[in-house]
Each structure stands twice: as structure tokens, then as C-alpha cells.
Amino acid sequence: MKTKDSARPRIGVVICTCGGQIAEKVNTRAVEKKAAALEYVVHVAQVGDLCKKESLSRFKREFEGCDRILFAGCSERSSLTFTEDRISALLGEMGMDRAMFEVANLREQCVWVHDGDLTGKAMDLVRMAHAKLKSNVPTPAPTRIIKKSLVIGGGPAGVQAAVDLANAGTEVTLVEKKAYLGGHFCRIPYLVQCEGWPSMCVSDCVAPVQAREAIFNPLVRTLTGSEVTDLVRDNGNFKVKINRGALLVDPDKCISCGKCAEVCPEEYDSEYDSGLTKRKAVDKDYRLGIPDHYVIRKDVCSECGECVPVCPTGAINLAAEAEAVEDSFGAVILATGFKTFDVNTLTALNYASPNVVSSMEMERLLAARLRRPGTGPVERVAFALCSGSRVKDKINPEGMPYCSKTCCGFAVKQANRITAMNPNAEVSMVYFGDIRTYGRAFEQFYSQAKESVDFINGEITAVEDGEEGLLVRLETPDGAEEQLETDLLVLAEALLPGGSELIDLLKIKTDRYHYPLELQPRILRPTESYIDRVYVAGALTGPKLVQQSVEQGSVAALKALNHVIKGQKDLPKFTSEVDPDKCSHCRICETVCPHGAISMAESGAAVDRAFCQGCGLCVSACPSHAVQLRNFYEEQILEQVEAAFSEAENGGPKILGLLCYWCSYASADLMGLNGHKITNTNFRSIRIRCSSSVNTGLILEIFKRGVDGIIIAGCPPKNCHHGAGNYMTARRVMLLNTIMRQLGLDGRLKWEFIGVPMWRELADAVHKMDKTLKALGPSPLRRKT
Amino acid sequence: MSRVKLAFNWGASCGGCDVSILDVGRAVLDLPQTVDVVYWPVALDYKRKDLEALDDKSVDIGIVNGAVRTSEQEEEAKLIRAKCRYVVAYGSCACFGGIPGLANQFGRNELLERAYIEAPSNTNEAAVTVQSVSERDGFSLTLPEFLPEVRTLDQVIEVNHFVPGCPPSTATITELLETLGAIAGGKTVKRILAADKCLCYECPRGKTKEAKKAEKLYRPHELIADGERCLLEQGIVCLGFATRGGCGSRCVAANMPCRGCYGRLPDTSDPGAEAMSALAAVAGDWEDYLPTQKIFDVLDAVRDAVGTFYTFSLPSALLKRERG
Ligand SMILES: Cc1cc2nc3c(=O)[nH]c(=O)nc-3n(C[C@H](O)[C@H](O)[C@H](O)COP(=O)(O)OP(=O)(O)OC[C@H]3O[C@@H](n4cnc5c(N)ncnc54)[C@H](O)[C@@H]3O)c2cc1C
Ligand code: SF4
Ligand code: SF4
Ligand code: SF4
Ligand code: SF4
């Protein structure tokens, strides 16, 4: 085992009676005496209310000479006054290392859960804490965090993040693929303002206002027409390669006069305008685009050179080349927005027809006041909601099973704009079962739309091009076939996350639809991805309004600021350590690490501590036993086990609970808090990291040390803080139990999904195991020496 | 250098280990130039009395294959220990218990009844099982005793070196033959003649790994595996990640998964636990989308857990069958 500095530990033991509550069932004087005799203990004291100010300052003076503290009292996890963070901070104030404390949970998991004299159990809990504390090692030194952030994606979410970071005085690089900032936002002419207020903003006004805040801030380095080509973790930071597209038109010289475009012979469909208008190879198709300069699309330019001499400022250099920018950052905000479902796959909807358009094309059509090139103003419009969303039916099996949430609202907005522009327009909307215009604004748009729009519940089975426009065939819920004629069919298509290649590059944990997942408890951690200091904001995390995307940009910026302002990251006391001599390069650890902290180096697996969250998934998975968790070394756990049952004569079978750090351990605490009693006083628990931090070999070693039964518990399904740790352990236990059953050793090992409020279930599991073990007798697995 | 005196013996084994020595070809023919074989009942005409007749510690090296199941095997193991200065456990059975060791899932009587009475190929109306001593026509016949469990060689006698493999690969045997002189000379040679790193480290498929979980597992007959890619990542339970290398990747080269004959890795204490622990972590994916009881289904491909994780090593496992 890695050991601490050579100096002998000086352990201080403080026993808090919690206003006498603990002393009612525990002879604390006896515990005090025995604790004083434990190895390295230099001072022991008893107090009644350690969490209160006065006692604390006395404690600080009294324990000054110690270098580690054993606190016997309430639960470090569930106490409302003396939690692990507070103890850590206290240690810091006393000049001790944050890792140098352990808690003997005498209140929640001892006096609150049992009746009778508990002095023996209390002493064992102190011994367990002591066994671990004596070999704890200091927290690793903080990692230097580069005081710069990278924002990828220049839509409203990304721009807002960049602006907020810069306004707080930190440097930002903003990378946008397109030639201009604004993302989808600047292509939507009329924008629902927010969820609550049924009014519109126009992007021609607000998009440039937001973009200029970024572009003119000296702390923001905006790289448009650029893409991130590589992004690797490097000593706690992110090393990034950016391909800055060739500046064929020099932004510093171009005055956007458009003379070049006048002479350019190469013409093609404007992407910005969804093909409604044409642009030249050198052009600026979004006239209000920021940064304000023309660009040349290399793939269309024939290099005829016509534009070069006409430019009054000599801005054009056709020989300019792309530039590789390399830089490092302390935080990354991913705001690559959304992409739309490929409606070409929905053959029944006939997107190939020029009269069937996507929702974004409809937005551009609204910008053009419903005038399509070549045809007159649109008179009849139909909408197909849920195009590629909520699929589970036979007709259109392609698509996403989820509701894209915003499309109903945006469609009624568009319908209302159409009738506002052309009061004679005939508008209909085919929906799938229900209309989901949530919130105050959308619902009001919907009420308004109901006055002019024909809403039809049904499923479109075919769309045919006819003489008189389109013929849309549909089937109503009662099986009837209907049809409607229209000039234009708008597909409200499903929305998908953008920037997939970056998600893969960063190895961000996602859901099945490739939306990045937020870290557990996600309810408190919006925008935090599974990878430390990688934030995900805007439509990338799910369909949103612009305002909500902006909100997330701000949140992400605030979270990134915490790190880039400080310029350092304090590392957790639990971090993974790989022994390169033992590592066999099998990459199992890399496969299971949910936080992207492991990469393969020449010497084997390499952990970047600044990304490690100390879950221990790698520890339990490494078949070479090459990985250990700092301050959770296997030897420490085994020493705890050896100490755990020193005074466990008459309490019943020896049951050890290996309870996960967050859910299950807290549940055991709440058992006591809720006054629920367990009769077996020989139940001990170890607060492990993720339920998947102990491997099968360790479980066998624990059995060898004479424990009669083991209960391993972790978070309930879908709630593991580290992705799939609970499932991994459930399967491990299942396999080991199958083997134990094959060998006639059944009944001694149990897995449970235990969430915080499931203390009844946990108590039940203990009772059941107690009964089973009583019937089975002492474990034959005990090491025979 | 003086000639090395060798004794070979076998215990509970299939005979393949002895064949494997002959299988190395030329090197065996060269052996008589450097060694004297003083005992090898499988290959040469030796009887136990020849071994007994030797002076204690007069033989340099005893090479023993096979596990210990009968009283005779136990006695001979002890004899070898007495006569030889160094003992090599040769093959997975001697090292870890091997395939015969799988019998440790069952009690002595269960095994005898199964073998002599229940097995469908038997006609044994009198329901007699094998006896150590049986009287007939005034004669008393004795057979070695069938002991309660299979043991590894080092659970019976002290072993100096281990040569794993079922059977050991030609490269491993050649290494052994080349080090015989050094062993006899008491020089420090590896205690275990296998790699210290797992098979993945040297497996030619290792470089194809993508560090991805296997969403589904297949039994070997259910999938014709791609010949280049990591078998585990294709969903085949390959134990290379938890098994010492040195075998020459024979199985994986033949598109078959590693089953663990080279034994557990140096820093582990149980031969099956690590593989179980790792497999449970990398098998299965997207569990959040499954009903909870379905998260175990991926392991349906593991039909026989003991047989999968302890194919060659049950007697050396930390878990022992509880016996009545
Ligand atoms: C039909 C329709 C109508 C809508 N109407 C409204 C409305 O009325 N009101 C409203 O509030 N919202 C509306 N929205 C929603 C609005 O468009 C989004 O909320 C908003 O655009 C999301 O902002 P974002 O910054 O997250 O993503 P986006 O706007 O999608 O911007 C993402 C940016 O990232 C860039 N990018 C992507 N990948 C990379 C990469 N690899 N490298 C560099 N850059 C990259 C993209 O080019 C883009 O500029 C509508 C959406 C649709 C589909
Ligand atoms: S060189 Fe390219 S951009 Fe310039 S005019 Fe010719 S085609 Fe247009
Ligand atoms: S918001 Fe409306 S159109 Fe979009 S998927 Fe949900 S129900 Fe369908
Ligand atoms: S799982 Fe263990 S042996 Fe395999 S690469 Fe990781 S540290 Fe190395
Ligand atoms: S402890 Fe968890 S976060 Fe850290 S390297 Fe291991 S698996 Fe990754």
C-alpha cells in the first residue's frame, strides 16, 4: 500500500455524545478509554455538542497537535450540522489535510437503529474508522486550470456563454462553423419571446445585438468558419486543435460593399435562406451577419479571379490558406445546437416534392412574406406535426420515440403568421393524437390559431403531387380515410442533438438518442456533463426556446467561471491510481470510466486526476488488479473489515453492508432518523464509493475474514451517479451468487437497489439476511488458519 | 556442466501434457545429450518401485502433470517431492486443478453414483460403485482411494515452479527445457513460466479494441466471429483480460476465445473473480432503457458460471464447496 510521509500519524479522537443521546446507549467513557489505547492516538476528548460554535473553537485549540481526526458522532453523510464538507473545511482551518478524517457513525447507524447497550458496537465503529484513518494519505495537490474557456457553437447559447465569461473578465475562444454567429436563431424571422409571454421578437433586431456583444468584447476571440478538429484532455486541461477556415476575404479589409458578388459568375442556393434565394461564391447571404464581411465558399468558387480587382480595399486573396490554431483551455462549453431529423427517410411524406418543406424552410418563407420563387404567394398550407417524432406506429417506422416538445408551439406560431400575412390563406394542421402547446404563450397561440386553422387528428399515409397542388391522404384514429388538398406541406420534424462528432471525441455520456446526459443529481446540475468542466448548453441538450438556450449558456458560463477564475482545481481525496507495472493495457478501465478520465498511454492506462471523480468503476473492473482508489485502498477496506466485529459476540450473525456513497448509505442513516429499529446489532456498514467500487475478488477476501453475510447496495435504476455502476454490481453479485449456489454456499450475498428513502427496504434486507444466516450458521468461507 | 537428472510423473490428467513434451519435436531428441531421465512411467518402462529405490534428493527436477484426486497420486506426489530437489507443476491440472478439478462442484458420492450408476451408458443393476477394497473368491483386491476432492499439486506438496497451460504451449515448454539447467543449479528463474501481463497485452487482436462495451454476449457457436477484432468487444466471453499470456495466443488465433488455461494474474487472489468482475462491467449497455430484471439477460450467454470462470482452476479458487 502507498503510505504517507514517514512521520508517525498523530490521531485525535473526538467523541460527541450529541447532547447525551449517544451516551444513553453507549458508555462513552469506556469508548474513550479504549480509543486512547489505539495505535497512533495521541489525544481523546468527549464533547456534547461539537457542531456548535463554542465547542468547535475549544476543539480547534485542544486538537491542534494532531494531524488527523477521528470523529465519533453523527453521520458525515446525513447530519444536518456536521457533514463531511464541514469537517473538511474545519480540517483546512486547522492546517490539516482534507483527507485526514474518518467518522464513526454512532448516532444514525448505531444508537438510533438499535436498542440496548451499544458500547461494543460503538467501539467497533470507532475501530473501523481508526483502521482506515491511520493509513489515509493526503489529498493530491491541486491541478492548475488554464484561465481560458472554449465555447463551441455560435448560436444563442454559445454566444451568451462567451459574452458572460468575457464580462466576468476571463478569456474566451468562440468557435463557429458557419461564417456568422447566431445559429438557427438568426434564421427565424419571428420569434416567440419566451414561454410565458405570447409576443414576438424579430431576429433581425435581436440576433445582431447579441452577436455584437461577443464580437466587440476584447476578451472574446471569435473564430467563425472554423471547426474543432481535435480535443484531448491534457494534465487537467483541454488541448485543442482548431481549423480556422481560409480567410479568402480579409475581414480586416472587407467593407461589405458587395462589389465582388456583383461580378462573381458562380451562383448557388443560399443555405441561410434554405434555398429560397441564390447567392454567389463570394457573398454574404445573411446580410445582418456578424462578423460583417463577405466570404468565399471554396467548394463553389472556380477561382476565376474576377472579384479580386474589383474589391476597393484589396480584401480578396484567393491563395489564402486555412490556419491550424492550437490552444489549451480550462473549460469547454459545448453549444452546438440542434439538427433536424432527416425527413427524406419518411417516404410517405414525400419530402422530395418541391411543395413539401421543412420547418426551417417555412421560417425562411415567412421571412419572404410567403413568396416562393417562381410561384405566387402561398394560399393553402398544411402542417404535418410529429414528423419523425413519437414514432411507434406501422406507417412511419422511422424516427425518434420522443416528443420534440417545441414543434407544436412553433407550428401554431407559423400558422398564425401565415394568416396574419394572408388573411385568406387556408391553413390546416394534421396532428398525432394531441397538440402539445405547453405553457402560457404557446397555448395562447394555439387558442388564436383555432379560429382560423383546421386541426385534423390523423396520420398521413401518403402525399402525392397533383395538378392542383398536393394531395395529402390520411387515416383518422377511427380508421377512416380522409384527404386534403394543399399548395404546401410543412413538416414539423423531430429535433436531434447537433455536434455529434464532438460528443464522441470527448466521450461524453449520452442517452440513447445521443443527447448528452447531465451528471447525477442532474436536478441540481444543469449543463454539467459527465466530464468535469465540459458543459452542455442550449438545444444540444434538448429542444428549447431561444431564451432557454440563452439561459443555459449563462448557467454554463457561471459554472465554467468557478474554475477559470480560480485557476486551480482542488482534487478529491478519492482518485484512481494505476500501477503501470501491473497494467496489462486491456482497456477495460477506459471502457467503463464514465467520466472520461482514463486514456491509454505508452505505459498503459493513464488517469488524469483532474477528471477522475473517484467512483472506482475502474478499480472493480480491472482484471489485472492494477488500479486502486486513493484513500479507498483495498487494504484499508480489509483492515476495516478485520476491525469491524471485534466485539460482536452476541448480536447475531455478522452482516456487512457495503453501501454506496450517496443513496444507500444515506438510506441506512434515514433508517435511524425515522426511528426504525433493527435487532441484529452486528450489522456494520462501510460507506463505499459507487456500488461498483468493490470488485468480486475483494468480496471473497471479505468473506475470508469471517463475515457471515454481505449486502451490497447502490442507487436505484437510472440513478447511478456514475452511469451504470449499479447495474455492473448487480450483475457481478448475480454471477458470484450463481457460483456460490453451484457450490452450495447460497444465501450469504445480496444485491439491493436502495435509494435514499428506501430505508424500509434496506432494513428488510438486513432482517431477511439475519434470518437466513441464523439458519445457515457461521460462514464456512472463513479463512482457516 | 553435469547432466541434469529428471523424473516425470502424472496424476489426474488426460495425458495430453506428456504428449505435449513429445510434441516439441527436435528439442526432445536433443534432451538425452543434456539430461538423464530416471523416471517417466508414461513414456518409458518404469514402475513405482524404481522411483522408491532412488535416494532422497538424488534427482534434480521432478516434473509432474495432473492434479491430485486419488491416494495413489498423493503418495506419488510425496515420493517425487522426497526424491527431487526441485518440483515443477506442469500443466493447468497440476498448477490449478484443471478440468478434473471441475469435479469439486460435487461430493465424492455424488460423483461415484453419477459415474457408475446414473450415467445412461451404464448397466449396473446391483448399483455397485468403485470400492477401495473388494473381496472376491478369497482374494482381496485394492484400488487407490478416491479422495473427497481434487487438489492442485501445491496443495499436496511444496512446488518450486509452475508451468501452466492445457497443455503448455511449445514456446513455454521450450523455455522450460532451456531453463532446466538453471533450475537444477538453483539459479533464480521465474517461479511461473508465463507472462506477468494478461493475454490482451500480446493478443494480435488487442490493437483493434475500441474500448466499447458489448451490448450483447454470444455463446461461441452463435456467432462466426470476425477474425481480426477483439472477441470480447464482439460479445464473445474471452477471458484473455484475466489470464496470463505466454500461450502464444493459440485459441484466439483459431477464432476461439481464451478460457483461462494460463491461470490468474499475479496480483489477484482468486482465479475467477477478476474475470467475473470485469465481464459484469463490460457486458451490457443501455440498461437504463430496460426493465430492471432484464439487465441480467446479457449474461444468459454464461450458461455455466463455474465452468466459465473456473474452467481450469476450481480447486485453487477461494470458494470451496461446502461438504457435509
Ligand atoms: C422551426 C423552428 C422554429 C423555432 N422558433 C422559435 C421561436 O419562435 N422562438 C424561440 O425562442 N425559439 C425558436 N426555435 C428554437 C431555436 O431555434 C433554438 O432554441 C435555438 O436556436 C437554440 O440555440 P443554440 O445556440 O442552442 O443552437 P443553434 O441555434 O442550433 O446554434 C448552434 C450553433 O452551433 C454551430 N455548430 C454546430 N456544430 C458545430 C461544430 N462542430 N463546430 C462549430 N460550430 C458548430 C452551428 O453552426 C450553430 O451556429 C425554433 C426552432 C425551430 C426548429
Ligand atoms: S474567384 Fe471565386 S469568388 Fe471570385 S469571382 Fe471567381 S468564382 Fe467568384
Ligand atoms: S411538440 Fe408536438 S409536434 Fe413536436 S413531437 Fe411533440 S407532439 Fe409532436
Ligand atoms: S483495466 Fe487494468 S490492466 Fe486493463 S488497461 Fe486498465 S489498468 Fe490496465
Ligand atoms: S475512479 Fe471512476 S472517474 Fe476515476 S478513473 Fe476510475 S472510473 Fe474513471
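Hey, could you check segment A:488-516 for residues that are open to solvent by less than 40 Å² (accessible area, probe 1.4 Å), assigned to a loop (DSSP other than H, G, I, E, B) and in contact (Cβ under 8 Å) with a residue 40 or more places away in the chain and say which is farthest from ligand 1 (Cβ to nearest atom)? Step through it out loud before you land on a result.
The first filter runs over segment A:488-516 and keeps only residues open to solvent by less than 40 Å² (accessible area, probe 1.4 Å), leaving A:488-500, A:502-503, A:506, A:508, A:510-511, A:515-516.
This time we only want the ones that are assigned to a loop (DSSP other than H, G, I, E, B), so: A:494, A:498-499, A:508, A:511, A:515.
Next, from what is left, pick out any that are in contact (Cβ under 8 Å) with a residue 40 or more places away in the chain: A:494, A:498-499, A:508.
On the way: A:Ala494: 10, A:Gly498: 5, A:Gly499: 4, A:Ile508: 13 Å.
Per the stated criteria, the residue is A:Ile508.
Are any residues in segment B:219-234 more than 12 Å from chain A (Cβ to nearest Cβ), closer than 21 Å to A:Met728 by Cα, in contact (Cβ under 8 Å) with a residue 24 or more places away in the chain and not basic (Lys, Arg), and if so, which ones? Break it down into steps so the answer makes sense when it comes.
At the first step, the residues of segment B:219-234 found to be more than 12 Å from chain A (Cβ to nearest Cβ) are B:219-229, B:231, B:234.
Remaining after also requiring closer than 21 Å to A:Met728 by Cα: B:219, B:231, B:234.
Checking which are in contact (Cβ under 8 Å) with a residue 24 or more places away in the chain leaves us with B:219, B:231.
The answer is B:Leu231, and nothing else.
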Test result for A:Ala601, more than 9 Å from ligand 4 (Cβ to nearest atom), over 30 Å from A:Leu773 (Cβ atoms), surrounded by fewer than 22 Cβ atoms within 10 Å (Cβ to Cβ) and aliphatic (A, V, I, L, M)
yes
Could you tell me whether segment A:343-360 includes any residue that is aliphatic (A, V, I, L, M), within 26 Å of A:Gly553 (Cα to Cα) and in contact with a helix residue (DSSP H, G or I) (Cβ under 7 Å, 6 or more places away or on another chain)?
yes
Taking only segment A:707-730 into account, find how many residues are closer than 20 Å to A:Ala644 by Cβ and in a loop (DSSP other than H, G, I, E, B).
2
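Take A:Cys612 and tell me if it is on the phi < 0 side of the Ramachandran plot, open to solvent by less than 30 Å² (accessible area, probe 1.4 Å) and within 11 Å of chain B (Cβ to nearest Cβ). It would help to see each step written out before you state the result.
Values: on the phi < 0 side of the Ramachandran plot: yes; open to solvent by less than 30 Å² (accessible area, probe 1.4 Å): yes; within 11 Å of chain B (Cβ to nearest Cβ): no.
Spelling it out, it is not the case that A:Cys612 is on the phi < 0 side of the Ramachandran plot, open to solvent by less than 30 Å² (accessible area, probe 1.4 Å) and within 11 Å of chain B (Cβ to nearest Cβ).
Name every residue in segment B:91-108 that is within 13 Å of chain A (Cβ to nearest Cβ) and aliphatic (A, V, I, L, M), in order of residue number. Even if it seems obvious, please write down each step before you answer.
From segment B:91-108, those within 13 Å of chain A (Cβ to nearest Cβ) are B:101-107; that's our starting set.
Once the filter is applied, which keeps residues that are within 13 Å of chain A (Cβ to nearest Cβ) and aliphatic (A, V, I, L, M), segment B:91-108 yields B:Leu102, B:Ala103.
Mind listing whichever residues of segment B:249-265 are surrounded by 17 or more Cβ atoms within 10 Å (Cβ to Cβ) and either touching a residue at least 24 places away in the same chain (Cβ under 8 Å) or of a type in the set (Lys, Arg) (or both)? Before the answer, list the steps.
As a first pass, look at segment B:249-265 and keep what is surrounded by 17 or more Cβ atoms within 10 Å (Cβ to Cβ): B:249, B:251-252, B:257-265.
Hits for segment B:249-265 are B:Ser249, B:Val252, B:Pro257, B:Cys258, B:Arg259, B:Gly260, B:Cys261, B:Tyr262, B:Gly263, B:Arg264, B:Leu265.
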So A:Phe383 ticks every box in (1) in a strand (DSSP E or B); (2) away from ligand 3 (no atom under 12 Å from the Cβ); (3) not β-branched (Val, Ile, Thr) but one. Which box is left unticked?
(2)
Among the residues in segment B:194-212, are any more than 16 Å from ligand 2 (Cβ to nearest atom), in contact with a Pro (Cβ under 7 Å, 6 or more places away or on another chain) and not in a loop (DSSP other than H, G, I, E, B)?
yes
Scan of segment A:517-528 for residues that are outside any loop (DSSP other than H, G, I, E, B) and more than 16 Å from A:Ala597 (Cα to Cα), ordered by number:
A:Arg522, A:Ile523, A:Leu524
Scan segment A:211-235 residue by residue and report those that are touching a Ser or Thr at 6+ places or on another chain (Cβ under 9 Å) and more than 14 Å from A:Gly155 (Cα to Cα).
A:Leu219, A:Val220, A:Arg221, A:Val232, A:Arg233, A:Asp234, A:Asn235
Which fully enclosed strands (runs of 3 or more DSSP E) of segment A:224-330 have 2 or more residues being in contact with a helix residue (DSSP H, G or I) (Cβ under 6 Å, 6 or more places away or on another chain) and away from ligand 5 (no atom under 16 Å from the Cβ)?
none
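Quick one: would you say A:Cys408 is in a loop (DSSP other than H, G, I, E, B) and not assigned by TED's automatic domain parsing to the domain that holds A:Met200?
Criteria not met by A:Cys408.
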When segment B:284-301 is examined, which residues are found to be at the interface with chain A (Cβ under 7 Å from one of its Cβ atoms) and either assigned to a loop (DSSP other than H, G, I, E, B) or not aromatic (Phe, Trp, Tyr) (or both)?
B:Gly284, B:Trp286, B:Glu287, B:Asp288, B:Thr292, B:Ile295, B:Leu299
Might you let me know whether segment A:418-427 holds any residue that is free of Cβ contacts under 8 Å to residues at least 40 places away in the same chain and either within 16 Å of ligand 5 (Cβ to nearest atom) or crowded, with 21+ Cβ neighbours inside 10 Å (or both)?
no
List every residue pair whose Cβ atoms lie under 9 Å apart, where the two residues are 6 or more positions apart in sequence or sit on different chains, the first residue falls within segment A:297-316 and is closer than 13 Å to A:Ala261 by Cβ, and the second residue, located anywhere, is open to solvent by less than 60 Å² (accessible area, probe 1.4 Å) and within 16 Å of ligand 1 (Cβ to nearest atom).
A:Arg297/A:Ala179
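Any residue that is without any contact (Cβ under 8 Å) to a residue 24 or more places away in the chain, outside any helix (DSSP H, G or I) and of a type in the set (S, T, N, Q) - is there at least one of those in segment B:66-74?
First, the residues of segment B:66-74 that are without any contact (Cβ under 8 Å) to a residue 24 or more places away in the chain: none.
No; the residues of segment B:66-74 include none that is without any contact (Cβ under 8 Å) to a residue 24 or more places away in the chain, outside any helix (DSSP H, G or I) and of a type in the set (S, T, N, Q).
The values are calculated or read from the model by the stated rules, or taken from the named source; none is laboratory data. These figures come from a predicted structure and were not determined experimentally. Neighbour counts run over all protein chains shown; Cβ positions are idealised from the backbone, glycine included. All accessible areas refer to the heavy atoms of the entire protein, side chains included, with ligands and DNA or RNA removed. Shrake-Rupley method; radii C 1.70, N 1.55, O 1.52, S 1.80 Å.
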